Structures are given as structure tokens and as C-alpha cells.
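Below is one structure, written out as C-alpha cells, with a few remarks after it.
The values are calculated or read from the model by the stated rules, or taken from the named source; none is laboratory data. In this text, all values refer to a predicted model and were calculated from it rather than measured experimentally. Here the Cβ positions follow ideal geometry from the backbone for every residue, glycine too, while neighbour counts run over all protein chains shown.
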Amino acid sequence: MIAGVDMLTIDKRIAEHFSNVKQVFLYITDRCNLACDYCLYKSHTTFQLHTQEIEAQLAKKLILTFRNMGAVKLSIIGGEPTLYDIENGNRGLFDIISYSKRIGYSYVRMDTNGVFQQCILDDANLMKLDELSFSIDSHDEALNDSCRGHCSLSRALPNLLYAIKRGYHVDVTMCIHRLNSGRDTDSRLMALNTINALYEYGVKRINIHPVLRVGIPRDTWTSHACLEVEEWLLIRKELEEAYECGQFPLEVRIPTRFITDQEHSSNPKYYGYCSVRMGERILIHPDGIIRCCALLIGTPYGIGRYDETSIVWDTSRTNELYGRDLDLWTPCPIQRLDDNSIVPLCISFKPGQGEYVWSKELDWDSRS
Ligand SMILES: C[S@@+](CC[C@H](N)C(=O)[O-])C[C@H]1O[C@@H](n2cnc3c(N)ncnc32)[C@H](O)[C@@H]1O
Ligand code: SF4
Ligand code: SF4
């Protein structure tokens with residue numbers, strides 16, 4: 001017990017699977033103040049029969065339990081995490097951040113849509129974050145708002161600029177989709193212009209998320225904004241080329257997503273990166289499900305369940321490991337493509353990324 005918080009009892013199989021756990025994603029709330037067209041979390045934000053938030057004391061028990069198992073990185077996410085305990089001036093949110101640092105998480109970050117009262121950035125506990133990541137799809141208002149909603153950029157940008165001024169380490173997650181993937185009058189990808197503009201603002205790093213349909217449940221609620229796989233392959237090539245020839249003065253994390261079967265066979269222990277196989281991350285959701293893979297958000301699939309006292313293994317066929325041979329270094333076993341000439345990789349497979357777990361804990365690039 002640390003600082004008045006009990007740990008939860010853990011099923012032996014959960015403890016075994018997560019014996020190498022490095023990071024926790026705490027989906028602290030299912031509530032959101034935006035309604036982005038493509039939102040992967042849509043089924044949670046639009047419908048929950050019971051619980052929409054993880055109660056603060058329980059959240060602390062969960063992160064303490066996983067810290068004790070070895071987790072060092074914590075991502076606070078949702079839904080929109082800045083809505084957490086908003087009725088009490090976000091005290092619960094600040095308290096969880098402060099607590100996580102106190103119990104030894106060395107890297108604590110939060111994802112936000114940037115739509116919040118600016119004064120929260122002055123809170124001393126929020127300032128303990130090692131990274132604050134804003135979701136911005138374009139520096140161009142029309143392009144950003146096309147999917148993230150009317151006035152979303154004009155509400156988020158002043159907060160992003162103020163966060164930089166206050167000394168936060170500010171990252172941006174940028175979705176690339178049908179509406180912002182076009183070119184300017186010089187035939188340059190609009191995304192490249194956005195990357196440059198964000199750098200000028202003082203953003204430290206950019207995470208690219210292509211919006212795609214890959215034969216998974218969330219395809220059902222991902223909107224018209226999806227890119228075709230071939231479109232992404234062309235955009236990725238252009239982004240990688242721009243990065244390699246030094247056009248970006250900041251780190252840009254570009255997910256590979258798809259390669260040929262031959263490429264995969266040439267080095268399966270590199271391309272076969274899978275957070276589920278490694279048991280390196282735990283996703284905790286307000287619906288009581290513990291998941292390993294983010295592609296299963298919004299489904300009944302997970303690895304276990306938690307309540308106020310314990311974390312138990314899912315013994316049914318909704319266990320995401322059911323029937324899976326974790327010793328095989330396959331492409332991603334969940335995504336399904338129509339095109340047999342390419343195979344899907346893990347959504348987190350981003351060569352050269354400085355991400356804490358990929359680079360510091362696993363040194364994954366050394367396998368390439
Ligand atoms: C689900 S949101 C939760 C945190 C917060 N509400 C936000 O928007 O930053 C987490 C990240 O997922 C991204 N995202 C949402 N839907 C997506 C999709 N269909 N494909 C890829 N990324 C997506 C968002 O842009 C955001 O950067
Ligand atoms: S702000 Fe985040 S959680 Fe909310 S709808 Fe947009 S992507 Fe989804
Ligand atoms: S996306 Fe695929 S490869 Fe990545 S963790 Fe999920 S199942 Fe594994």
C-alpha cells in the first residue's frame with residue numbers, strides 16, 4: 001500500500017501475460033466535447049449503459065497495481081480527459097497526474113483535443129506532465145474543422161500556444177484523412193505545410209495517424225473520411241522522403257502500416273512487432289475491460305476485467321488472446337486487407353521513433 005491506496009489482486013494469468021509491461025493507457029473518461037467524424041472512440045462516447053468515468057480512487061489503485069508490475073509510462077486519454085472531474089475544477093484529473101508521478105511513473109503524458117479552459121494549464125499538478133499532446137489535423141481552419149468540427153481549431157490553437165509558452169512539452173497528433181490529404185497550388189502535400197506551421201509554433205514532435213479501414217470493428221463507425229490503403233502508401237512515401245532529406249526540423253512519427261509479404265518474411269522478428277504478443281501495454285477502459293490492442297476499442301474483446309478489488313482474466317471467447325499463438329511472428333493478426341500483395345503491420349510500428357518504450361525500453365530499431 002502506498003499513500004493510502006490499496007493495490008488490486010491480480011489473476012495469475014494476467015500477471016504472467018503482463019510480466020514485461022511497460023506502459024498503461026488510462027482511458028479515464030468516455031465523455032467528449034467534440035464529435036470528430038472519424039473518431040475511433042465513437043461507440044464509447046455515444047453510448048455507455050453504466051459507467052462513463054473511472055472513479056478517481058479506483059484509477060489510482062489500477063495505476064499503482066500496474067506500476068508495481070513494472071509499468072513506467074502512463075498515457076491519460078479518453079474521450080476527452082480534460083472533462084474528467086470538470087464539475088470540481090478538474091481536481092480529480094490533477095490528483096491522478098500528481099499521484100502517478102509520486103509512485104514512480106517516469107513518463108506521464110496526456111492526449112487532448114485542446115478544447116478546455118485555458119487556466120487549467122496553470123495548475124501545478126498538470127504541469128508535472130512530461131508531455132501534452134494536442135490533436136490537430138491542420139493549421140488551416142477549414143481543413144482541420146472539416147472532420148473535427150466547427151471552431152475546433154480556433155478553440156484549441158490558443159491553448160496549444162499558451163501551453164508552449166508555459167513550458168509544456170507539446171506534441172501534436174495529426175490524423176491524415178480524405179479531407180486534409182490534398183495538395184496546395186504548388187502540388188505540395190498540405191500535411192507538409194501543417195508540419196512546418198506546427199514547428200514554427202514550437203511543437204516538439206508530431207505523431208501521424210492515417211485514418212483507414214482495415215477490416216476491424218471500428219470500420220463500422222469510421223466515416224467517409226477514410227483514405228484508401230493505396231492513398232496512404234503514396235502519402236507515406238512522400239512524408240518519409242521529406243523526413244529523410246531533412247525537410248522536418250522536428251521528430252515526425254510515421255506509421256508504416258503496410259509492407260509486402262516478401263519484406264515481412266525478410267525480417268519477421270522486426271516487422272512482427274505486436275504490443276499484444278509482448279504484453280508491453282495495458283489499456284484500461286471505464287466499461288471495466290482491460291485490453292491489449294487499441295483496435296479492439298468499442299468491442300466486447302479484451303484480456304480481462306477489473307472491479308474495485310481485483311483484475312481477472314477473461315475466460316471466454318471474448319478474450320483477445322483466445323486461439324492465438326503468441327510465439328508466431330506474423331503480420332498483425334487482426335487487420336484484414338482485400339489486397340493479398342501487402343500485409344498489415346502493428347499500428348504502433350514507426351521506424352526510428354524516439355517513443356520511450358520502442359526506443360529506450362525495447363531498442364526495437366536495432367532489429368532492422
Ligand atoms: C480517441 S482520441 C482521445 C483523446 C482526445 N479526445 C483527442 O482527440 O486527442 C485519441 C487520438 O485518436 C485519434 N483518432 C481518432 N479517431 C481516429 C481514427 N479513426 N484513426 C486514427 N486516429 C484516430 C484522435 O485524433 C486523437 O489524436
Ligand atoms: S476529440 Fe478525441 S475522443 Fe472526442 S470525438 Fe474527437 S477524436 Fe474522439
Ligand atoms: S494492431 Fe495488431 S500487431 Fe498491433 S497490437 Fe494490435 S494485434 Fe498486435
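For residues in the stretch 267-278 being assigned to a loop (DSSP other than H, G, I, E, B) and touching a Cys at 6+ places or on another chain (Cβ under 7 Å), which is nearest to residue 294 (Cα to Cα)? Outline the logic, then answer.
Going residue by residue through the stretch 267-278, those that are assigned to a loop (DSSP other than H, G, I, E, B) are 267, 272-274.
Those still in the list that are touching a Cys at 6+ places or on another chain (Cβ under 7 Å) too: 273-274.
Working: 273: 14, 274: 11 Å.
Restricting to residues being assigned to a loop (DSSP other than H, G, I, E, B) and touching a Cys at 6+ places or on another chain (Cβ under 7 Å), the top hit is 274.
For the stretch 188-266, please list each of the helices (runs of 4 or more DSSP H) lying entirely inside it that holds at least 1 residues being over 30 Å from residue 165 (Cα atoms).
Correct list: 229-244, 261-266.
Residues 282, 311, 347, 290: which one is surrounded by 18 or more Cβ atoms within 10 Å (Cβ to Cβ) and part of a loop (DSSP other than H, G, I, E, B)? Please lay out each step first, then the result.
On the way: 282 fails: part of a loop (DSSP other than H, G, I, E, B); 311 fails: part of a loop (DSSP other than H, G, I, E, B); 290 fails: part of a loop (DSSP other than H, G, I, E, B).
Among 282, 311, 347, 290, only 347 is surrounded by 18 or more Cβ atoms within 10 Å (Cβ to Cβ) and part of a loop (DSSP other than H, G, I, E, B).
Matching residues to (1) of a type in the set (Phe, Trp, Tyr); (2) assigned to a helix (DSSP H, G or I):
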| residue | (1), (2) |
| --- | --- |
| 64 | no, yes |
| 68 | no, yes |
| 71 | no, no |
| 77 | no, no |
| 116 | yes, no |
| 119 | no, yes |
| 133 | no, no |
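Mind counting the residues in the stretch 102-111 that are surrounded by 16 or more Cβ atoms within 10 Å (Cβ to Cβ) and not β-branched (Val, Ile, Thr)?
Of the residues in the stretch 102-111, 5 are surrounded by 16 or more Cβ atoms within 10 Å (Cβ to Cβ) and not β-branched (Val, Ile, Thr).
Which of the residues that make up the stretch 156-213 are acidic (Asp, Glu) and within 17 Å of residue 141 (Cβ to Cβ)?
184, 200
Just wondering, is there one or more residues in the stretch 358-365 that are in contact with a Ser or Thr (Cβ under 8 Å, 6 or more places away or on another chain), surrounded by 16 or more Cβ atoms within 10 Å (Cβ to Cβ) and part of a helix (DSSP H, G or I)?
Yes, the conditions are met somewhere in the stretch 358-365.
Report the residue count in the stretch 331-342 for those that are of a type in the set (A, V, I, L, M), under 15 Å from residue 265 (Cβ atoms) and within 11 Å of ligand 3 (Cβ to nearest atom).
Let us first name the residues in the stretch 331-342 that are of a type in the set (A, V, I, L, M), namely 334, 337, 342.
Those left that are additionally under 15 Å from residue 265 (Cβ atoms): 342.
Now drop any that are not within 11 Å of ligand 3 (Cβ to nearest atom), which leaves none.
The qualifying residues number 0.
Would you confirm whether any residue within the stretch 291-304 is charged (D, E, K, R), within 18 Å of residue 28 (Cα to Cα) and away from ligand 3 (no atom under 14 Å from the Cβ)?
So the first thing to find is which residues in the stretch 291-304 are charged (D, E, K, R), and the list is 291.
Cutting the leftovers down to within 18 Å of residue 28 (Cα to Cα) gives us 291.
Those still in the list that are away from ligand 3 (no atom under 14 Å from the Cβ) too: none.
No, the stretch 291-304 contains no residue that is charged (D, E, K, R), within 18 Å of residue 28 (Cα to Cα) and away from ligand 3 (no atom under 14 Å from the Cβ).
Run residue 92 past the list (1) small (Gly, Ala, Ser); (2) surrounded by fewer than 17 Cβ atoms within 10 Å (Cβ to Cβ); (3) touching a residue at least 24 places away in the same chain (Cβ under 8 Å); (4) more than 16 Å from ligand 2 (Cβ to nearest atom) and report the number of the one that doesn't hold.
Result: residue 92 fails condition (2) only.
When only residues in the stretch 24-33 that are surrounded by 20 or more Cβ atoms within 10 Å (Cβ to Cβ) and in a loop (DSSP other than H, G, I, E, B) count, which is farthest from ligand 2 (Cβ to nearest atom)?
That would be 30.
Consider residue 122 carefully, then state whether it is more than 16 Å from residue 225 (Cα to Cα), at pLDDT 95 or above, out of contact with any Lys or Arg (no Cβ under 8 Å at 6 or more places or on another chain) and more than 16 Å from ligand 2 (Cβ to nearest atom).
No, not satisfied.
Working carefully through the options 246, 272, 302, 298, find the one that is more than 16 Å from ligand 1 (Cβ to nearest atom) and touching a residue at least 24 places away in the same chain (Cβ under 8 Å).
272
What are the residues in the stretch 280-295 that are within 16 Å of ligand 1 (Cβ to nearest atom) and touching a residue at least 40 places away in the same chain (Cβ under 8 Å), if any?
Scanning the stretch 280-295 gives 281, 283, 284, 285, 286, 287, 293, 294, 295.
Would you mind stating whether residue 116 is aromatic (Phe, Trp, Tyr) and either within 26 Å of residue 194 (Cβ to Cβ) or within 16 Å of ligand 3 (Cβ to nearest atom) (or both)?
Answer is yes for this residue.
Could you list, in sequence order, all residues of the stretch 38-62 that are outside any helix (DSSP H, G or I) and either within 16 Å of ligand 3 (Cβ to nearest atom) or surrounded by 20 or more Cβ atoms within 10 Å (Cβ to Cβ) (or both)? Spell out the reasoning first.
First, pick out the residues of the stretch 38-62 that are outside any helix (DSSP H, G or I): 38-41, 47-55.
Scanning the stretch 38-62 gives 38, 39, 40, 41, 53, 54.
Which members of the stretch 314-344 meet the condition of being part of a loop (DSSP other than H, G, I, E, B), within 30 Å of residue 64 (Cβ to Cβ) and free of Cβ contacts under 8 Å to residues at least 60 places away in the same chain?
Across the stretch 314-344, the qualifying residues are 314, 315, 316, 318, 320, 322, 324, 326.
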